[in-house]
């Protein structure tokens, strides 16, 4: 992976991680256009720059993350992350196969877009607007929705967990914030597991040049994501999901046609 390729992927990740348009799908679609093939380092790079983007949430919401007086917040995150950790451990082979199937990802992108066109109409009267009112049961249910984004790459972890929150009467903005919070332990665990797997099977990948590329990508992804989070929360409060739905439909259709006719 060259310096330019890493920068492009990091920018794509930073912009798309928190939007309900699937950062994973965008990176998988971008790889062939950038001349990148699937490799242990590319897989590791994609996971780690996702974590870097998500760490921007810790900066933006630092008061919440270090507020040890509200320990129940950490309990909720721990409960919510369990379903994804269990599913990821038990069905890794299925996940890897799905992530390599671009036609499947494009179809999920398209169908997910159709869902987003109507999702605002499904949850019009949500009233829970404070994190303290989220129960442990609700946190677990949101965590189960997160599993859907693992089962169906291209669905978007953000979209799945936000919809999960809204199905439990959370307002759009609170559902989005809890989705951001949940991403931190989820992607931290995924990054640690990815590093371990790569080191175990391909230790030669963990070398200075690759780690430099990884570090540059992480920094770029982090700073781009800082702006994306602010944009998304502001836009979502005023406008809802319809624009993202149309974007997914157009992109999913375009990629699907490209893959079929090439």
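Observations, loosely collected:
- Of the residues 67, 96, the single one that is surrounded by fewer than 17 Cβ atoms within 10 Å (Cβ to Cβ), within 30 Å of residue 133 (Cα to Cα) and without any contact (Cβ under 8 Å) to a residue 24 or more places away in the chain is 67.
- Considering residues of segment 118-145 that are at pLDDT 90 or above and touching a helix residue (DSSP H, G or I) at 6+ places or on another chain (Cβ under 7 Å) only, the residue surrounded by the fewest Cβ atoms within 10 Å (Cβ to Cβ): 136
- The number of residues in segment 30-45 being surrounded by fewer than 24 Cβ atoms within 10 Å (Cβ to Cβ) and either on the phi > 0 side of the Ramachandran plot or in a helix (DSSP H, G or I) (or both) comes to 10.
- Test for residue 94: is it over 25 Å from residue 23 (Cα atoms) and in a helix (DSSP H, G or I): no
- For segment 108-124, residues that are assigned to a loop (DSSP other than H, G, I, E, B) and touching a residue at least 12 places away in the same chain (Cβ under 8 Å) total 1.
- Residue within segment 178-186 that is in contact (Cβ under 8 Å) with a residue 40 or more places away in the chain, out of contact with any strand residue (DSSP E or B) (no Cβ under 7 Å at 6 or more places or on another chain) and surrounded by fewer than 14 Cβ atoms within 10 Å (Cβ to Cβ) present: no
- Any hit, segment 211-226, residues being over 17 Å from residue 13 (Cα atoms) and out of contact with any strand residue (DSSP E or B) (no Cβ under 9 Å at 6 or more places or on another chain): yes
- So residue 217, is it surrounded by 21 or more Cβ atoms within 10 Å (Cβ to Cβ), touching a helix residue (DSSP H, G or I) at 6+ places or on another chain (Cβ under 6 Å) and outside any helix (DSSP H, G or I): no
- Among (1) in contact (Cβ under 8 Å) with a residue 24 or more places away in the chain; (2) surrounded by 14 or more Cβ atoms within 10 Å (Cβ to Cβ); (3) under 20 Å from residue 218 (Cβ atoms) - the single one residue 27 does not satisfy: (1)
- For segment 13-24, filtering for residues that are crowded, with 22+ Cβ neighbours inside 10 Å and in a helix (DSSP H, G or I) leaves 5.
- Some residue of segment 66-88 being under 18 Å from residue 154 (Cα atoms), outside any helix (DSSP H, G or I) and in contact with a helix residue (DSSP H, G or I) (Cβ under 9 Å, 6 or more places away or on another chain): no
- Residue 194 at pLDDT below 85 and either touching a helix residue (DSSP H, G or I) at 6+ places or on another chain (Cβ under 7 Å) or surrounded by fewer than 17 Cβ atoms within 10 Å (Cβ to Cβ) (or both): yes
The values are calculated or read from the model by the stated rules, or taken from the named source; none is laboratory data. Predicted model, so just to flag it, every value in this text is computed and none were measured. No Cβ is skipped: glycine too gets one built from the backbone with ideal geometry, and neighbour counts run over all protein chains shown.
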